[in-house]
Structures are given as structure tokens and as C-alpha cells.
1. Residue separation times 0.36 nm, minus the C-alpha to C-alpha distance between Ile11 and Glu78: what's the value?
2. Too long at a 19 Å Cα-Cα cut-off: which of Lys144/Lys164; Lys100/Lys164; Lys59/Lys106; Lys52/Lys80; Lys76/Lys164; Lys59/Lys100?
3. Hey, which aspartates and glutamates would be in cross-link range of Lys35, C-alpha to C-alpha under 15 Å, not counting anything within fewer than 8 residues on its own chain?
4. Would you work out what percent of the accessible area of the range 141-180, with all protein chains in place, is carbon or sulfur (probe 1.4 Å)?
5. State the extension gain, in nm to one decimal, for the chain segment bounded by Thr85 and Ser105, taking 0.36 nm per residue of separation less the distance between their alpha-carbons.
6. Under 25 Å Cα to Cα from Lys139, which lysines show up? Leave out anything in the same chain fewer than 8 places away.
7. What nm distance separates the two modelled labels at Lys52 and Ile115, each placed 7 Å from Cα along Cα→Cβ?
Amino acid sequence: MKKIAYIVGGILIGIVISTTSSVLADGVKSLVGKKVTGEYTVVVNGTTLSDKGAIIDGKANVPVRGISEALSADIKVEGKTINVTTNNIQSEETSVVSNKYVGRSKADLEESLSIFRDKILAPNLEGKTTIEEEIAYYKTSGMKPEEYAARTKALEEYNERIDKARAEIADIEAAIGATK
């Protein structure tokens, strides 16, 4: 009877451990199973780094420590954020590296560009036009100060979203240009 109890207990413990570990594993983002295109030599301003870079799932992965040392930058880790700062004037080459879209496939970039233009920029431009028309109408018909303040705030919010969308579109277009 004790053997059966031990066997059942072992099975139950095994089920609990396997279920818990799979749930925990789902929350951990890992590179295991990702497609690695290869190992690449990294060259920064003509200097070859000793550490290698890799393309993993179409994205360039480079050694931050090596690049920061080559660019005379400082690295600080604060919580889950790695801050890289440099006192050098940012060149066009380093601005391409900071573009989060660089390294993606051309099809992915074109899809992102389409989404930003059609689903984000266009509706915000339409909303901005509507608010501007409302402000113009209410100015001639005697708008209350609180209505004017609300419309101007909405207009400012549209302008911020439009500026952000245009900046993202510019980054995507730059990344597309780099893929050609």
C-alpha cells in the first residue's frame, strides 16, 4: 500500500512541477529555437571588434560592450535598462544603428510603413482637420472658453501623434533605404 502511495505522490509531484515549469517558461523570452543566420565580424569606424555579431531572426545582434568601447561611450545598467551614452557628435552612421527598424526584412518594413501611414497617420490627420474646422466654426459663432480650451488641447494631442507617426515613418523609410 505504501508503494502505491509513493508512486501516486511521485506522479502528482511530477505533474505539478512539469505544469509549473512550462508556465514559467512561457513568460521567459529566449533565443533558444530562433533562426541564427550566422556569426559576423563587427567593424566600428574601421576597427574590428574581437567579439562577433549575429543575425538572429533577421535582426542584427552586436556586442554592446565592444561597440561602446570603440565609440568611447559609457554603459550603465539601471534595473532592466542598459543606458549607452557618448559625448561624441552623432554621425549619420550611428544614427542608423539607433534606428529600431534596421535589420528587419524589407517585407516587414513595408508592412510597418503601410500600417503607420494608413492606420495611424491618416486617421490622425483627418481628426486634426476636423478639430481645426470645429475651432474655426466656433470662433465665428462664439465659442465658450472651456470648449476652445478642450479643442486646442485635442489639436495639440493630434499634432503630437502626427509628429511621432512621421518620425516613425522616416525611420522605417531609412531602414528600407538601407536594405537596398
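1. On the way: separation 67, 0.36 × 67 = 24.12 nm, distance 4.29 nm.
Full extension of this stretch gives 19.8 nm more.
2. Numbers: Lys144/Lys164 31 Å; Lys100/Lys164 14 Å; Lys59/Lys106 12 Å; Lys52/Lys80 24 Å; Lys76/Lys164 27 Å; Lys59/Lys100 10 Å.
The pairs that break the limit, which is 19 Å between Cα atoms, are Lys144/Lys164; Lys52/Lys80; Lys76/Lys164.
3. Filter leaves Asp57.
4. Details: 1320 of 2620 Å².
Roughly 50 percent, rounded to a whole number.
5. Numbers: separation 20, 0.36 × 20 = 7.20 nm, distance 2.81 nm.
Length difference between fully extended and current span is 4.4 nm.
6. Lys128, Lys153
7. It is 3.2 nm.
The values are calculated or read from the model by the stated rules, or taken from the named source; none is laboratory data. Remember, predicted model here, so these are calculated numbers, not experimental data. Don't worry about glycine lacking a Cβ; one is built from the backbone with ideal geometry, like all the others, and counts go over all protein chains shown. What goes into the accessible areas is simple: the full protein's heavy atoms, side chains included, and nothing from ligands, DNA or RNA. Shrake-Rupley method; radii C 1.70, N 1.55, O 1.52, S 1.80 Å.
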